Every structure is written in structure tokens, then in C-alpha cells.
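Step one of this worksheet: look at the structure below.
What follows is calculated from the coordinates using simple rules that are stated; it is not laboratory data. Please read all numbers here as calculations on a predicted model, not as lab measurements. Here the Cβ is made from the backbone with ideal geometry for all residues, glycine too, and neighbour counts use every protein chain on show.
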Amino acid sequence: MKIQLVQDPTPASTSHPVAERTRYSACPLCEGQSFATLKEVDGSQDPLMGPEVDPSWSWNGCETCGHIFVDGYLQESVLEQVRTRGALVPSSGAEFAAKRQAAAAVVHRISSMRGCIDGVWLDVGFGSGELLCTANEFGYDVVGLDMRESAVLHAPDLGFEAAVAPLEALEGKELYDVISLSNVLDQTVSPLETLKAACRLLRSGGVVFIATPNLDSRAWHQQETSGQNSEWSEIERTQLFSREHLYWAMRRVGLEPCDYMSSPSSPVGMEVCATLASDG
Ligand SMILES: [Zn+2]
């Protein structure tokens, strides 16, 4: 399985004083233009924080649909610098064993849903690669995308092809049987565009898997009450979803949610699977 990228004509910038955020002019889910500042955060404790980023920013609440998103997002050239502080290395030993077990639960669940245990699996934001390695162990052909060059550099050692690119940059359609996005949708500038790309690239009978924090969960509210909720101050995060908002966004692009699970790897996380509405 080859990865074909759309050519990006924008040259990368090289020097970065404290970066301006690009303000949203409309809600990234419903395009409503009325929103209010919901919360101001201090991200100075994020280990990825550096001098090129103002450690204070705000979150907006859309007055039309209630979706929550940052007041402004960082440009890709700034995020490239940020991500150099979070270099990823493949896990080993007990850490790998634990991650393999968690990944196997996801692969098994999705395979049961599809009624088969092979096909092509694309993991977006594959990180240290445990999900793809485990999917491959089950019998899937696997490929990965990640915005961190350090992750992609390790992919050949792990036995799969990978590229530094967002999902939207992939050409073609109906190429993958499973597309997984863990902690991706909450970091994109335009979640609907990411979901549309997933819809375009998914084969009939395929499954899209999304993992992201659920701000409507009891666990989230407990973290809020305790004043210990660091989910707001993650520097790469742009969106925070409730289950309802996530389902609404999925349905808007032609995906039908069909499975929900609390995340074993995040105390406030949800894992949602969806199929093509046209498959129904
Ligand atoms: Zn909205």
C-alpha cells in the first residue's frame, strides 16, 4: 500500500518569535459566528511549551451549537517546533506489553464489528506504533501518518510505511478498511475536513475509530471539580468534544457511530467507532 500525498505549495517558514494564533472567525463545527470566551488557560506546564508560544490562551464556546474550541490555533510551522520537544521512541518490555494488550482490545473490537480480521489499516497519529504493530500481528496490512518526524523515522524499524502528513493530504478514495484517529480530531484546525477525508478514504464495510476526551463524561466533571483538569492546557489541542457533538459531526459528513467505549488509556477519554452511513 503506497501513500500518495497532495503537493503542498506553501514553503516552510524558518524563524519564529512568539507566534500569533490564527483566530477562528466561525465555529469549526456549525460555522456559527457567535461565540464567547469560556475559559482562559495557562499552558506553561505543558512539557512541549517553548519560547515561540504564548503560554496563555482562551477557549471559546459556540453560542449556536455549544461546541468548544480554542480562540486561535497555531500555524503548522510553530507546531513543528513544539513537536520537536516530544520525540517519540517505540516502547519495549513491560511498557510495550501493556500497550499491545490495550491495542489488541481495539483491533479485536473493530475486527468483530467488520466480521473479518484482515484488510488495510491506516493509523493517523500512530505515535510509538503499538496499535499498528498489533493490527499487523492480527493480519492487517498497516500504514501510518504522524505529524511528528521522530515517529515516522521509526516506522521502517517497526515494519510499516509511514509519512509526515495530515489525513486530508492523502489522495484517492476507498483505500482503507480501518482508519484510526487517536487524539487527532481534537488537534485539527477543521475537524469536519478531517472526518470528510476519513469518509472519502474508507472502503465500504470499513470502520473509522476515534479516541478523544469526552467533556460530558462524569470523569471529566470530577476532574473539573477537583481543579486538576489539564486537558484544557495541552498546547496542541484545538477542540474539545462531547459525545453528542462528535456524533453530530460524524453524521454531518456521512459516518454513522455504531460503538462507544470509555478509553483505557485516558481517564476522560471516549472511543467511538463509525461506519459509512451508506453501508447502513
Ligand atoms: Zn457551533
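Out of the residues in the range 110-130 that are in a helix (DSSP H, G or I) and under 18 Å from A274 (Cα atoms), which is nearest to the chain's Cα centre (by Cα)?
Looking at the filtered set, the residue picked out is I110.
Which of the residues that make up the range 129-169 are free of Cβ contacts under 8 Å to residues at least 60 places away in the same chain and among the hydroxyl-bearing types (S, T, Y)?
Selection gives T134, Y140.
Using the structure shown, decide if S77 is in contact (Cβ under 8 Å) with a residue 24 or more places away in the chain and either farther than 24 Å from D259 by Cα or in contact with a Gly (Cβ under 9 Å, 6 or more places away or on another chain) (or both).
yes
If you go through the range 17-45 one residue at a time, how many are in contact with a helix residue (DSSP H, G or I) (Cβ under 6 Å, 6 or more places away or on another chain), part of a loop (DSSP other than H, G, I, E, B) and over 24 Å from V253 (Cα atoms)?
Residues in the range 17-45 being in contact with a helix residue (DSSP H, G or I) (Cβ under 6 Å, 6 or more places away or on another chain), part of a loop (DSSP other than H, G, I, E, B) and over 24 Å from V253 (Cα atoms): 2 in total.
Which numbered condition in (1) closer than 20 Å to F241 by Cα; (2) more than 16 Å from the ligand (Cβ to nearest atom) is the only one that C30 fails?
That leaves (2) as the condition not met.
Any residue that is surrounded by fewer than 19 Cβ atoms within 10 Å (Cβ to Cβ), more than 16 Å from the ligand (Cβ to nearest atom) and part of a loop (DSSP other than H, G, I, E, B) - is there at least one of those in the range 53-66?
Yes, there is a match, as at least one residue in the range 53-66 is surrounded by fewer than 19 Cβ atoms within 10 Å (Cβ to Cβ), more than 16 Å from the ligand (Cβ to nearest atom) and part of a loop (DSSP other than H, G, I, E, B).
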